[in-house]
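Reviewing the structure listed below.
The values are calculated or read from the model by the stated rules, or taken from the named source; none is laboratory data. Keep in mind that what you see is a predicted model, and the values were worked out from it rather than measured. Cβ coordinates were reconstructed from backbone atoms using ideal geometry, including for glycine residues, and neighbour counts include every protein chain displayed.
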Amino acid sequence: MKEDEMIICRCEEVSYKELETTATKYKCSARELKLRTRAGMGYCGGRSCRAMIDKIANTSSNTQNHTCVSLKYQPPVRPISFGNLGGHDK
């Protein structure tokens, strides 16, 4: 497998080539790269690809913007009842 074909975001199936091409074309931040490609927006919430998206965005834009906040990630949220939360079943 070539480096270009490597899947960075497994949830959304976004390749390294797609991320690099988009970052180079638009000179975008990590947040904009995420919004343009959907990388980091899958089931895991970016836990596996967030660091790589940040790195690609920083190297492609050729500017180290230290005021730019890196991407955050959140665990998937599933609804539960208050009874389950408090340990009391109905």
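A single member of L71, L35, L19 is hydrophobic (A, V, I, L, M, F, W, C), at pLDDT 75 or above and surrounded by 14 or more Cβ atoms within 10 Å (Cβ to Cβ), and it is L19. For the range 1-53, the tally of residues that are small (G, A, S) and in a loop (DSSP other than H, G, I, E, B) stands at 7.
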